[in-house]
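Everything below concerns the one structure shown next.
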Amino acid sequence: MRVVLSGYYGFDNVGDEAILYAIIHSLREYHPRIEITVLSHKPEQTAETYGVNAINRWSLKEVHAAIKSSDGLISGGGSLLQDETGRKSIPYYAGVMKIAQQLKKPVFVYAQGMGPINSKLNQRIVKYVLNSVKLLTVRDQQSQELLEIIGVTSQIHLVPDPVMGLDASEFHSSWLQQQNFQNKVITISVREWAGHAYAFQEIAAGLDQLANKGHEIVFVPMHGKHDFQISKDIEGLMKNKAHIAPFDSTIQEKMAIIKESDVLFGMRLHALIFAAVGSTPFVALSYDPKIDSFAEIAAQPVLGHVEAEDWNGDDLVQAIERILTNYPDELEKITEAVSPLQKRANATARTVIDAITAPSASIASLAYQAKTKVKNR
């Protein structure tokens, strides 16, 4: 069996690389001999890191040839079909799916977060392409509602983010062990955002208060040098010492740092997901509906929005201290919310594989079988 994976891969974004890692892991768990080709910005690096075939995502000739020789295309996960961060995302990812459809290859939309889709033209493109896919799965209720609003009539399945299926219990960080922290550790995940002056000043003020209480402040850059620089900028606003984990550490190491911390304060979605997988309570700072959606799913608080000025550093301190004061209850709350998702996360891979090996079966039936098999494993 041969499949092609399309997504935001090869750009050194830990969240998207974690998605790729999780999808590959799930597919191989159910079909160890599956041949996987990834469309990547850095194909050599992707091939070496994950032990897969990888080609240049920008080469139309290579993409066409890979899909033509495959048994199907997997698009996702992540937030691919959106036009908030750029005009090229929807034409590119929808275009790759359209190539597969023209070649009469099944297309599987894998646990994506949809939107925002502001352009009417982009809404029509998404509707046109998604109404012809074999399997359409999204990771949150808001994504499902958006697709229904723009006229997608394909059956939409709500599934967990692929990263929820990872087992972080065996992941360790040598960097964290070397720090030998003796106090509570609060991990921080921030990202660049236009007009961020108020938010970052208040974050720094709140972190200073937490440091004064004896807590260790550890920034975890999720998007390489980009998040490293923002972490440095906020550290520069602080009076107390903070630590910044290596920006080029592996997915497993970053998951381990967050897992071993006591609380996460984060903007990046997959930092929040890493926390949930590791049963680490978190406080989110939203910049996108996907942050609010996942925080609700994981039963964790959202401090506010990065562009709003209705929260401050004192609120950040109170939110963190509330978790630390009621820690056993907070652990139980996030574990109860996340555990069912972890059990279901790998079912999407089973559905894709079964759909390829048994193309005449209905997706609804395959999805039910996959969930049942995961439940009984």
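The values are calculated or read from the model by the stated rules, or taken from the named source; none is laboratory data. Bear in mind the structure is a predicted one, so any value in this text is a computation, not a measurement. FYI the Cβ positions are ideal-geometry reconstructions off the backbone, even for glycines, and counts take in every protein chain you see. Calculation scope for accessible area: heavy atoms of the full protein, side chains included, ligands and nucleic acids excluded. Shrake-Rupley method; radii C 1.70, N 1.55, O 1.52, S 1.80 Å.
With angles folded into 0 to 90 degrees, how steeply does helix 224-237 sit against the dominant principal axis of the chain? Use alpha carbons for both and round to 10. In the chain, helix 224-237 runs at an angle near 20 degrees to the longest axis.
Ligands, DNA and RNA aside, GLU192 has an accessible area near 110 Å² when probed at 1.4 Å. Remark: the range 198-207, residue by residue, has Karplus-estimated 3J(HN,Hα) of 4, 4, 6, 5, 6, 4, 4, 5, x, 5 Hz, where x stands for each Gly or Pro and the curve is 6.51 cos²θ - 1.76 cosθ + 1.60 at θ = phi - 60°. Each Lys or Arg adds one and each Asp or Glu subtracts one; over the other residues with Cβ under 15 Å from the Cβ of PRO281, this totals -4.
Among the protein heavy atoms, those of GLU253 account for about 50 Å² of accessible surface (1.4 Å probe, every chain in place). Using only Cα atoms, find the angle between the long axis of helix 89-102 and the longest principal axis of the chain, and express it within 0 to 90 degrees, rounded to the nearest 10. Around 30 degrees separate the two axes. Accessible area per residue was computed with a 1.4 Å probe on protein heavy atoms; GLU145 scores about 90 Å². Accessible surface ranking for ARG87, ARG268, 1.4 angstrom probe, highest first: ARG87, ARG268. Cα centroid separation, the range 45-68 to the range 205-252: 35 Å. In the elastic network of the chain, a GNM with C-alpha springs shorter than 10 Å, the most mobile of LEU81, LEU146, LEU27 is LEU146. Protein heavy-atom surface of the chain, 1.4 angstrom probe: 48% of the accessible area is carbon and sulfur, with nucleic acids and ligands not counted. Taking a ≥ b ≥ c as the square roots of the Cα gyration tensor eigenvalues, with a/c under 1.5 meaning rounded and otherwise prolate when a/b beats b/c, else oblate, which class fits the range 178-322? Rounded is the answer for the range 178-322, as its axis ratio a/c remains below 1.5. Cut-off 10 angstrom, C-alpha nodes, Gaussian network model of the chain. Which of LYS61, LYS254, LYS184 fluctuates the most? Evaluated over the chain, the most mobile residue of the options is LYS61.
Accessible-area rank, largest first, for TYR30, TYR128: TYR128, TYR30, with all protein chains present and a 1.4 angstrom probe. In terms of accessible area, using a 1.4 Å probe and ignoring ligands and nucleic acids, ILE356, ILE24, ILE149 rank largest first as ILE149, ILE356, ILE24. The alpha-carbon of LYS184 sits under 18 angstrom from the alpha-carbons of these lysines, leaving out residues fewer than 8 places away in its chain: LYS213, LYS241, LYS254, LYS259. Of LEU269, LEU103, LEU135, the residue with the greatest mean-square motion in the GNM of the chain, using alpha carbon springs below 10 Å, is LEU103.
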